[in-house]
1. Modelled label-to-label distance, Ser75 and Ser297, 7 Å Cα→beta-carbon offset: nm?
2. Considering only the other residues whose Cβ falls under 12 Å of the Cβ of Gln49, what net charge follows from Lys and Arg at +1 and Asp and Glu at -1?
3. Rounded to whole Å and ordered largest first, report the semi-axes of the equivalent ellipsoid of the stretch 86-243 derived from its Cα gyration tensor (root of 5λ).
4. Running a GNM on the chain with Cα contacts under 10 Å, which residue among Thr40, Thr124, Thr71 ends up with the highest mean-square fluctuation?
5. Using modelled backbone amide H atoms (1.01 Å from N, in-plane), which distant-in-sequence or interchain residues come within less than 5 Å of Thr354's amide H?
6. So if the hydrodynamic radius of the stretch 164-214 is defined as the Kirkwood radius over C-alpha pairs, what does Stokes-Einstein give as its diffusion coefficient at 10 °C and 1.306 mPa s, in µm² per second?
7. Translational diffusion coefficient of the stretch 367-423 at 37 °C, 0.692 mPa s, Stokes-Einstein with Kirkwood Rh over Cα pairs, in µm²/s as a whole number.
8. Mind listing the Cα extents of the stretch 213-288 along all three principal axes, in Å, largest one first?
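The values are calculated or read from the model by the stated rules, or taken from the named source; none is laboratory data. On a predicted model such as this, the values are computed, not experimentally measured, just so you know. Cβ placement follows ideal geometry from the backbone for every residue including glycine, while neighbour counts extend to all protein chains displayed. Only protein heavy atoms, including side chains, enter the accessible area calculation; ligands, DNA and RNA are left aside. Shrake-Rupley method; radii C 1.70, N 1.55, O 1.52, S 1.80 Å.
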Amino acid sequence: MVSKTKKVVTIVGQGYVGLPLAQAAAHAGWTVWGLDVTPTLVDLLNSGQSHIDDLSDSDIRGMLEAGYRATTDPSVVSSSDVVVICVPTPLGEGGSPDLGAVKGASRTVGDNLVAGTTVILESTTYPGTTDDVVRPLLEMNSGLTAGTDFELAYSPERVDPGSKKYGIKNTPKLMGGITDASTQAAVAFYGSFVDQPVPMAGMREAETAKLLENTFRHVNIALVNEMAKFCKELNIDIWEVIRGASTKPFGFMKFTPGPGVGGHCIPIDPNYLSYEVRNQLGYPFRFVELAQEINNSMPRYVVERVGDLLNEHRKPINGSEILILGVTYKADIADQRESPALPVAEILLERGATVRFHDPMIDTWQLGATSLVREPDLGAAVNEVDAVVVLQAHDSYNLEAIANDSKLMLDTRGVAPRPAVRL
Ligand code: SAJ
């Protein structure tokens, strides 16, 4: 539990990582400042409204009652015992990591840092970022020394958006510091609301463990995607193959083919590792680069499969009406980042198809310069179009009824019964 005097934490970046962390800390008795550079977001949060899938408006109101406040004022850092940086690390030009937000946050924290504070980076990044990028900026702007005047650690976020089972409390959390004392300072912070804090040997090991976690998923998704392609040509049911393999109770983990890999993590994070290996050592991290190539090829493969199915009905793609079901990056959440639906639609349009969409989580879908409105009547649209393509199997879809009512249906998630055709 937190010591008698209310401890204060500033969490920099109030997105899908920073906000749930703020909620957990607030309910564990911390005074929490949610520091963000977006004034409209700060106002929204302080008015009790959420902008992320995993927290509702009432969750935000509960945080405000528990001592949370959002702010744009970085001076809160100077009255904080702990500062956690949770800002985005997108890919920049040519697939290299864009650390602009991390650098900006580090300078801001450095400008306001006082001795005795514990600073933790959570943003997913390449090994060495905390030590070689964040630390120098903190030290330069504060005149303080990491590991001596203030503690410094790295602790990767492990959020599975939309998960009903895992949240911050019951997900083991890795943390590695510049010194053992820094590691223990991170353990003391997270230990007040995480069941299992996991101290690591150092910051680089904690940074790299996160990348291993996501690269593991990325590579295994690419493996089943590539197998899906050749199994189709060999007339082997890949879904049955995976069902069978999944009965192995040890040494196997189920992954399934899909229309492509979306989200803010899996398609992005492994590139950090391949970037750093190539940058530092001059040779490629071949698994990641191959996995990227295969996963990025899936939208075009989906369109090829649609073409094959239309062809069986003597219809070209050109001039056909195609209904896409599910434009988010995974089922039952509203996030569209890196969703494969966009490249699928773009390639269909290139081939002369008319594209319509439905997604229970999305009202209007930005397709290049065109804003598509969700089909108002799903049943009618299913009957009207030449083909239905399921990209995300949202729980609310009755896929059996849609399969029976559609002229033809391609199911890219392997969950719809016949007469739907699986990828
Ligand atoms: N996907 C497949 N086949 C699979 C699994 C996933 O095609 O077998 C696709 C999904 O449709 C999705 C993408 O890959 O488009 C990413 O899927 P995901 O479940 O990994 O989704 P994220 O990015 O929301 O969550 C992941 C976490 N997921 C799990 O551990 C189950 C985890 O990798 C990270 O903790 C988290 O991102 C993160 O923040 O890094």
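1. The two pseudo-label positions are separated by 5.8 nm.
2. Result for the neighbourhood of Gln49: -2.
3. 37, 19, 12
4. It is Thr40.
5. Residues meeting the criterion, in which the H sits 1.01 Å from N, are Gly319, Ser320, Glu321, Ile322.
6. The estimated diffusion coefficient comes to 141 µm²/s.
7. Translational D for this selection: 276 µm²/s.
8. Cα spread of the stretch 213-288 along its principal axes, largest to smallest: 42, 29, 23 Å.
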